[in-house]
Each structure stands twice: as C-alpha cells, then as structure tokens.
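Please read the structure below before turning to the comments.
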Amino acid sequence: MLSFYPGPSKVHQEALGYIQEAFEQGIVSINHRSKRFEKLLEATFEVLHQKWNIPSNYTIYFVSSATEAWEIVIRSLVREKSTHVYNGAFGKKWAHYAASTAESIEFSLDQSLAEIGLQLGPIKGDTLCLVQSETSNGTGQQIRRADFQLTEDALIAVDATSSMGGIELPWDEADVWLASVQKCIGIPAGMGLLICSPKALARAKELNRSTHYNDVLFLEENRKMFQTQMTPNVLSIYLVYRLTQQLPSLSEVHLATLAKMKLWTDFWDNQPDFSYLIENPALRLPTVLALTGEPGKIKQLHQLCLKKGIELGKGYGAWKETSFRIANFPSHTFEDIETLIQTIQYEL
C-alpha cells in the first residue's frame, strides 16, 4: 500500500534497513542509562542541529508525541494564561486541553497570522500558542514574533507537526517547537520532538513545577547527561539519527518539497471536479495538500485509489465529508506522485 495519508504516512524506504541494523547491533535492547545510549542520543542531537540548522542554544527532547508536548507546554511553561490562535481542529484541541487557563481565538482559512496579529492588538497571555502546519485543513503559516504585540518575556510555542523535517522553520521566531515523527520525519508513529529556546528553559526554571514526570526541568536535567527521563523509544531515536545522517540538509529537502508540490498543483489546477480547500496559495501548507469536491466524487476517488493500492487522506473535522488530503512528505518520491497522478488521469 502506497500511503499518502497525512500521518501516519509512508515511511522512508531506508527505514527498514535501519530497523534491521538496529536489531542486529542490539540497539533495540540497550539500557537507556548506558554509555552506549548516551552516545547515540548525543550523536542524534548533533546531527539534528547540523542538518536542520537548529540554533546551538536550543535544546531537543524526545517525548511520546506532539499531543504530549502540548501538555508539557501547558504544565511547564504557562505562567498564568496561554493564548491559542488557530483555524483548524488540532489548534482547537490544543486550546481545549488548556481550557482552564486559555484564551481561544479562532480565525478563518483565508486569513494569515500576520493579519490576525494586527487585529488582536496586545496579547494578554504570557504564552502564545500557534499552529504552523494545520493538518486538518492544509494551511501553512509564517511564524514571526513581530506580527504580534507581546510582552518582552512572553513565549511563543508552535505546533509544526506536519512540517518539521520537511521544510525549513524559523527557529529563532519561537521559543518552543513541537512535532511527531510519523509525518515529515518519515518513521513509524510513537515519538515526538520538543525543541526549546533558552528563554523557554528560563521560564521553566522560574515556575519550578517539578510535579509531573515530563516537566521541562526533568527533561533538561536528563538531557544534560544525554539521557531521557523515562525509558524512551530507542528504535525511533536510532531511526531519526540514521535517516537524518543519510538525508540531505533540510534546506535541500525544503526545495524538493516545493518542487514536488508544484507537480501536484500543476495537476490539480486542471481537474474540474476538485478545487483547493485553501484558495490562497500563500496559505497552503507545502507538505499537506487539501482539496474539496462533491462527497460522491471524493468517495469515488478514494475507492479508485484503494483498488490500485494507494491510500489518500480523508477529510477531517468540519471538512470531513467535503475534502480529502494528500501528504507531500520527504518520504514521497517524484515517482510516487506520478503513480498517483497517472492513476487518477487514466482511471477516474
């Protein structure tokens, strides 16, 4: 099955070899307090900083998922109130989990965060929570601190679940970045990344809420020793390490992502039965394309693709019945895209 589902999605083809390698070398059985694991974690941090151009003073943590990372931000970093600005289902869920201390601001699909920032005026919360890649509807936003009126010590936390590892991100424009591995990172589900600035760590130390297992302070205490606070998904860490080693720099991956998306748009521009859910090209996420059409036509398309061993993403949330989504992750090759395009051209 060739999966274009927007997560979990197609795994990098090299991952199978690295899984076998991890088994043969005993990686899957190593103790997470051992020197061997410490060396693996240190090497993984180094290659991510290098290949993804993450600032050297930003710290990387492995957690169970992006959803857990939402809660870590809420528990460890929100002083009194978080402000959640969103236009889709996942941003709304993040706000829901922080309901008792959150202000929720929903905006439309045709608006940018820059436009919203102008409308909002001064942000009341001490932590601004944004979604750079809204998987439910395929919107992609530019993250710029200057777009919002924030106090000097306010934090910005960004969900980049469907873009981290697939496009370049402006790390310095936010204090926390989070994602899961089953999308652009291209390995099986079961792990998340949390990336923090020095400012975020300072907030965690100020609040000193070491009352739950995955508090940022515990994460950092163990990271300094190249360990984790819990028994981690060692196999996933190894896969991230080996794949990041093997793949080009994120700047090169970014260019390939845009080139592949152009293949998609050149095709869908000429399909009368379907249109873009996000009309403004500047607001479309390069890694998840969302299209809309009549429910019957969408069902017919799904059935056709499944017969050919291809899985597309279904609609989500408010757009469940009237849209479908196509992942454009680094694991998807130009040949994969041509396979789907030809299937639709000659069979639909």
Review point. Between residues in the stretch 17-33 that are closer than 19 Å to M225 by Cβ and residues that are in a loop (DSSP other than H, G, I, E, B), which pairs lie under 7 Å by C-beta distance while being six or more apart or on different chains?
Key: H32/Q227; H32/T228; H32/T231; H32/P232; R33/Q227
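Looking at P6, P55, which one is open to solvent by less than 40 Å² (accessible area, probe 1.4 Å), touching a Phe, Trp or Tyr at 6+ places or on another chain (Cβ under 6 Å) and not in a helix (DSSP H, G or I)?
On inspection, the qualifying residue turns out to be P55.
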Check your understanding: Within the stretch 60-93, can you find the residues that are of a type in the set (S, T, N, Q), open to solvent by less than 50 Å² (accessible area, probe 1.4 Å), closer than 28 Å to M230 by Cα and assigned to a loop (DSSP other than H, G, I, E, B)?
Key -> S65
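Please state which one of D153, D147 is in contact with a Lys or Arg (Cβ under 9 Å, 6 or more places away or on another chain) and open to solvent by 10 Å² or more (accessible area, probe 1.4 Å). Can you show your working first?
On the way: D147 fails: in contact with a Lys or Arg (Cβ under 9 Å, 6 or more places away or on another chain).
That would be D153, the only listed residue that is in contact with a Lys or Arg (Cβ under 9 Å, 6 or more places away or on another chain) and open to solvent by 10 Å² or more (accessible area, probe 1.4 Å).
For (1) open to solvent by 50 Å² or more (accessible area, probe 1.4 Å); (2) touching a strand residue (DSSP E or B) at 6+ places or on another chain (Cβ under 9 Å); (3) closer than 21 Å to Q182 by Cα; (4) not in a helix (DSSP H, G or I), each residue gets a yes or a no:
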residue: L201; (1), (2), (3), (4): no, yes, no, no
residue: K205; (1), (2), (3), (4): yes, no, no, no
residue: M225; (1), (2), (3), (4): yes, no, no, yes
residue: I237; (1), (2), (3), (4): no, yes, yes, no
residue: V240; (1), (2), (3), (4): no, yes, yes, no
residue: T244; (1), (2), (3), (4): no, no, yes, no
residue: A256; (1), (2), (3), (4): no, no, yes, no
residue: K260; (1), (2), (3), (4): no, no, yes, no
residue: W264; (1), (2), (3), (4): no, yes, no, no
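Suppose we keep only residues that are of a type in the set (K, R) and in a helix (DSSP H, G or I) within the stretch 299-318. Which one would you say is most open to solvent (accessible area, probe 1.4 Å)?
From the stretch 299-318, those of a type in the set (K, R) are 299, 307-308, 314; that's our starting set.
In the following step, the residues that additionally are in a helix (DSSP H, G or I) were identified as 299, 307.
Values: K299: 129, K307: 174 Å².
Ranking the candidates gives K307 first.
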Review point. In the stretch 94-119, which residues are open to solvent by 50 Å² or more (accessible area, probe 1.4 Å), within 20 Å of the chain's Cα centre (by Cα) and touching a residue at least 24 places away in the same chain (Cβ under 8 Å)?
Key: Y97
Check your understanding: Within the stretch 331-344, restricting attention to residues that are open to solvent by 30 Å² or more (accessible area, probe 1.4 Å) and touching a helix residue (DSSP H, G or I) at 6+ places or on another chain (Cβ under 8 Å), which residue is farthest from L291 (Cα to Cα)?
Key -> F334
Point to revise | Of the criteria (1) closer than 30 Å to F107 by Cβ; (2) in contact (Cβ under 8 Å) with a residue 24 or more places away in the chain, which one D266 fails | key: (2)
Review point. Would you say F23 is out of contact with any Cys (no Cβ under 8 Å at 6 or more places or on another chain), aromatic (F, W, Y) and in a helix (DSSP H, G or I)?
Key: yes
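Quick one: which residue in E279, E321, E338 is in contact (Cβ under 8 Å) with a residue 12 or more places away in the chain, in a loop (DSSP other than H, G, I, E, B) and over 27 Å from L169 (Cβ atoms)? Spell out how you get there, then give the answer.
Working: E279 fails: over 27 Å from L169 (Cβ atoms); E338 fails: in a loop (DSSP other than H, G, I, E, B).
Exactly one of E279, E321, E338 is in contact (Cβ under 8 Å) with a residue 12 or more places away in the chain, in a loop (DSSP other than H, G, I, E, B) and over 27 Å from L169 (Cβ atoms), namely E321.
The values are calculated or read from the model by the stated rules, or taken from the named source; none is laboratory data. None of these values were measured; they are calculated from a predicted model. Glycine gets a Cβ as well: all are built from the backbone with ideal geometry, and neighbour counts include every protein chain shown. These accessible areas exclude ligands, DNA and RNA; they are computed on the full protein's heavy atoms, side chains included. Shrake-Rupley method; radii C 1.70, N 1.55, O 1.52, S 1.80 Å.
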